[in-house]
Amino acid sequence: MPFTAKETKRNEKAKDIMNQQPQVPEGLFQKCSKCNEIIYTEDIIANYHICPNCNNYFRVSPRTRLSMVLDEGSFQEWDKDLPISDPLNFPGYITKLERLRAASNLDEAVITGEGKLNGISVAIGVMASDFLMGSMGEVVGEKLTRLIEGATKRRLPLIVFSCSGGARMQEGIVSLMQMAKTAGALKRHDEAGLLYISVLTDPTTGGVMASFAMLGDVILAEPGVLAGFAGPRVIEQTIGQKLPEGFQRSEFLLEHGFIDKIVKRSRMRAVLSFLVASCGEKKLEENEALFNEEDVD
Amino acid sequence: MGEEITAWERVKIARGNTRPTSLDYIGKIFDKFLELHGDRVYGDDGAVVGGIAEIENIPVTIIGHQKGRTIKQNMKRNFGMPNPEGYRKALRLMKQAEKFKRPIICFVDTPGAFCGMEAEERGQAEAIAKNLMELSSLKTPILSIVIGEGGSGGALAMAVADEVWMLENATYSILSPEGFASILWKDSKRAGEAAEIMKITAKDLKDMKIIEKVIPETISEKIEENQEGETLEAQTVLLPTELTIENMDSLAKEMRIQILEFLHQYKNKTIEELIKMRYQRFRKL
């Protein structure tokens, strides 16, 4: 139905008012990608970056993750700014990496280092989904391998939060080799009798899932994480049919026996603390308080 | 030698339907072979064959991806794309080899690990990851030879070895050129272009120090008799004639010699030395 002249005028006026309104400072509100609700950013942060309306888990940056898990101010970063690798001389790749490095305050798709968890030193790596989909090329593989080797040498428990589309295409076969490299380093950490906890976050697929992410003594996942070898689109193309709801999600992995536990973000620090303490020299009783009924299935 | 064969042409050769498969090499190179089946967990994967063989009285464990030639064979072999039970069978046999101190020889020939629903349900990622981890410190020499397609993690799970060799026209890559083009350029039709960029040929990978050796695909011509009825030496010519089961004898003979050299060379290494070298082989990449 066409607008009357009056209505048109009113609409224009409304538009003007909208345009003239002082802009909401960027980041004050966020729209939930799942329920589309507009939410006060501070409420999201206070809620562990989970939508208070629909419980959707937002992806979080590695720094945020570290601050949610480790003792405050305890993180010390290792191996920052390793040189860029471009074994295929892939057109535009170096420029793309440099642009990403400048824009994201990350040097690559993983941050590694050491920190404390309830006073216990741990080696920890956290992948970044917004750095080329958290894909693993030579630098990511090298940083993780150094982390694992450092943990073995210093007899530290190891925690890796995975979040990756898999091996990085732009570096070709060299990316594939990182799977063997990290798995080999983990074998030595394992043989040294040390604890490795792998935490799957959304999404973890491909070469990362088929190497270090599935090699934990304990494997945890956040709720609803997509984790699998092949991506859903590839499987659908292969078998020529739609995948059922929930396929390859955390709950599916738990049901099929491939992860130990689904852990809510709000409980992650407590569960990790318990595991690290229980596999170390510290007595269990001291940490029992950390492990409350919420974690009992 | 004639014009250089392009990477994309090699991809097509490596996938060729008449190209010899793992079982063909096993039959031609080794003196005896007893196939063993099953992963002891779920089933027996036809896309992976394995067992115990003998070569000049040396017992070895052999594991290979297995493709079929006909549709019926490929139903059984799943076009050489293993499910998790294939990797678990491989690992079981490799552990057995370690126990009985037999060297391991792997033949790699797969488009990749199978991307199906059941494969996910039974833990494709876990099966591959575990092989990578266990092979990294397995206490027996391991040689992997890529004879056709070396596709992604599905190939790597059988190529965490002390040495990796490739036939001249075999390929070894992070993903198929089609998949690579589809991911990076959203256009799988640019596979040919992708193949040239990806460094997937034996020569490229040797130059990058990803592999140790390129085996030229010499082929046997029919042995002819001269007028006096004497048998002439088998002729060898270089490609572009395609390798087939009929003309693979001279290649198999050469591979036998080289495999024996490998076995003798590695026999003298201590386990400690072996594991350290294998770790370094991947550590430097």
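A run of chain A free of exposed loop cleavage sites, with trypsin sites (Lys or Arg not before Pro) counted only in DSSP states other than H, G, I, E and B and at most 11 other beta carbons within 10 Å, reaches its longest extent at A:1-153. Counted over the protein assembly as shown, the DSSP beta bridges are approximately 45% antiparallel. May I ask for the angle, rounded to the nearest 10°, between helix A:93-104 and the longest principal axis of chain A, with both axes built from Cα atoms and the value confined to 0 to 90°? Compared with the principal axis, the helix lies near 80 degrees. A convex hull fitted around the alpha carbon atoms of chain A yields 203 Å³ per residue.
I want the antiparallel fraction of DSSP beta bridges within the range B:1-117, as a percent rounded to 5. Once the DSSP bridges in the range B:1-117 are tallied, antiparallel ones form about 75 percent. When you filter the trypsin sites (Lys or Arg not before Pro) in the range B:150-191 for DSSP loop state and at most 13 other Cβ atoms inside 10 Å of their Cβ, you are left with B:186.
Contact-buried residues of the range A:141-179, at a threshold of 50 Å² lost accessible area versus the chain by itself: A:169, A:173, A:176, A:177 (1.4 Å probe; DNA, RNA and ligands ignored). Shown here is the pair-distance distribution of the range A:185-262: with all Cα-Cα distances grouped in 10 Å bins from zero up to the longest one, the shares run 19, 47, 26, 7, 1 percent.
Charge tally for residue B:162 (other residues, Cβ to Cβ under 10 Å; Lys, Arg +1; Asp, Glu -1): +1.
The charge dipole of chain B, taken about the Cα centre with unit charges on the Cβ atoms of Lys, Arg (+1) and Asp, Glu (-1), comes to about 1400 debye, rounded to the nearest 20. In percent, rounded to a whole number, the relative contact order of chain B is 17, using alpha-carbon pairs under 8 Å and six or more apart.
Considering all alpha-carbon pairs of the protein assembly as shown, what whole percent are spaced by more than 48 angstrom? Every Cα pair in the protein assembly as shown considered, those over 48 Å come to 19 percent. Taking all Cα-Cα distances within the range A:81-170, those exceeding 19 Å account for 41%. When the C-alpha to C-alpha distance is required to be over 21 Å, the pairs from B:12/B:76; B:28/B:95; B:28/B:101; A:143/B:284 that qualify are B:12/B:76; B:28/B:95; B:28/B:101. For the range B:89-153, trypsin sites (Lys or Arg not before Pro) meeting the loop criterion (DSSP other than H, G, I, E, B) and having at most 11 other Cβ atoms within 10 Å: B:101. Each part reduced to its alpha carbon centroid, the range B:260-285 and the range B:19-38 end up 24 Å apart. Considered as an equivalent ellipsoid built on the Cα gyration tensor, the range A:214-259 has semi-axes of 22, 11, 8 Å, the largest given first. For chain B, the orientation-averaged shadow of the C-alpha convex hull comes to 16.7 nm² (one quarter of the hull surface). Charges were assigned to the Cβ only: +1 to each Lys and Arg, -1 to each Asp and Glu. The resulting dipole of the protein assembly as shown about its Cα centre is roughly 980 debye.
As a test, work out the antiparallel percent of DSSP beta bridges whose residues both lie in chain B, rounded to the nearest 5. Antiparallel bridges make up about 45 percent of those DSSP assigns within chain B. In chain A the longest region clear of GluC sites (Glu not before Pro) that are loop-assigned by DSSP and have at most 15 other C-beta atoms within 10 Å covers A:73-244. Label-to-label distance, residue A:34 versus residue B:244, with points set 7 angstrom from Cα along the beta-carbon direction: 5.8 nm. Axis of helix A:138-153 versus longest Cα principal axis of chain A: the two differ by about 40°, to the nearest ten degrees.
Other residues lying with their Cβ under 10 Å from the Cβ of residue A:75 contribute a combined charge of -2, Lys and Arg counting +1, Asp and Glu -1.
Using only the alpha-carbon atoms of the range B:1-61 as identical scatterers, what base-10 log of I(q)/I(0) does the Debye formula give at q = 0.17 Å⁻¹? For the range B:1-61, the Cα-only Debye profile gives -0.77.
In plain terms, chain B is cut at each of the GluC sites (Glu not before Pro) found in a DSSP loop with at most 12 other Cβ atoms within 10 Å, and the longest leftover piece is B:57-223.
Can you give the local net charge around residue A:246? Use residues other than it whose beta-carbon is closer than 14 angstrom to its beta-carbon, Lys and Arg +1, Asp and Glu -1. Result for the neighbourhood of residue A:246: -4. Our estimate of slack between residue B:268 and residue B:284, defined as 0.36 nm per intervening residue step minus the Cα-Cα distance, is 3.4 nm.
Of the chymotrypsin sites (Phe, Trp or Tyr not before Pro) found in the range B:59-164, those in coil by DSSP whose Cβ has at most 11 other Cβ atoms within 10 Å are B:100.
Absence of a disulfide-compatible partner, taken as no other cysteine beta carbon within less than 4.7 angstrom, is noted in the protein assembly as shown for A:163, A:279, B:106, B:115. Kirkwood-type hydrodynamic radius, the range B:104-171: 12.4 Å, calculated from all non-identical alpha-carbon pairs.
Between the C-alpha center of the range B:87-154 and that of the range A:65-126 there is a gap of 31 Å.
Calculated mean residue ellipticity, 222 nm, chain A: -11500 deg cm²/dmol, from DSSP H runs (n ≥ 4) at -39500 (n - 2.57) each, averaged per residue and rounded to 500.
The values are calculated or read from the model by the stated rules, or taken from the named source; none is laboratory data. This one's a predicted model, so the numbers in the text were calculated from it and none came from an experiment. All Cβ positions, glycine included, derive from the backbone under ideal geometry; neighbour counts span all protein chains shown. Accessible surface is based on the protein model in full, side chains and every heavy atom, while ligands, DNA and RNA are left aside. Shrake-Rupley method; radii C 1.70, N 1.55, O 1.52, S 1.80 Å.
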